[in-house]
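The structure appears below as structure tokens.
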Amino acid sequence: MRFQIWHAPLRLVTGAFILNSGINKWRAGDEEVHKYIHSMASTAYPQLESLDAKTFTKSLAGAEMALGTALLTPFISPAVAGAALTAFSGGLVGLYLRTPGMREEGSIRPSQNGIALAKDFWMLGIGAALVIDGITSRAKRLMPGKK
């Protein structure tokens, strides 16, 4: 897929945000930070409980750094980068929806504690936009003459 200028702000801002998050998690040397991140994830996804907290945090950091780099790399297809972002942010949206206290009672609206996680819906939307554009752009190229 050809680079489209409107992809640049989406990929730049989101990629830099995610890359920075991964770098910060990677550098986290404090065991309490590892335990906090692991505990939060395990609350939403109990199957993660058996993982070592530091190993989980380092794995998450590596995934964030890889995703951030993919978004910042212009020769990686927007559809591929968007699919990765959609999958990753889908997991984060699940974290938001499953973690107690993140939403106002009986609502999807974020509580004061949930505002930081509610941004994951924006990333989900950005990823979906890149994927949709990739699919529709490819379809247009495959069907010349169709508008």
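The values are calculated or read from the model by the stated rules, or taken from the named source; none is laboratory data. In this text, all values refer to a predicted model and were calculated from it rather than measured experimentally. As a convention, Cβ positions derive from the backbone with ideal geometry for all residues, glycine included, and neighbour counts pool all protein chains shown.
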Near pairs, Cβ below 9 angstrom, 6+ apart or cross-chain, from the range 116-138 (more than 22 Å from M40 (Cβ to Cβ)) to any residue that is exposed (fewer than 15 other Cβ atoms within 10 Å of the Cβ) and of a type in the set (S, T, N, Q): D133/Q4; S137/Q4
Any pair with Cβ under 6 angstrom, 6 or more apart, that starts in the range 56-81 at a residue that is at pLDDT 95 or above and ends at one that is of a type in the set (S, T, N, Q) and part of a helix (DSSP H, G or I): E64/S21; L71/T14
Residue in the range 23-42 that is farthest from M65 (Cα to Cα), counting only those that are of a type in the set (V, I, T) and surrounded by 15 or more Cβ atoms within 10 Å (Cβ to Cβ): V33
Breaking point among (1) closer than 23 Å to G127 by Cβ; (2) touching a residue at least 24 places away in the same chain (Cβ under 8 Å); (3) not in a loop (DSSP other than H, G, I, E, B); (4) not hydroxyl-bearing (S, T, Y), for I37: (2)
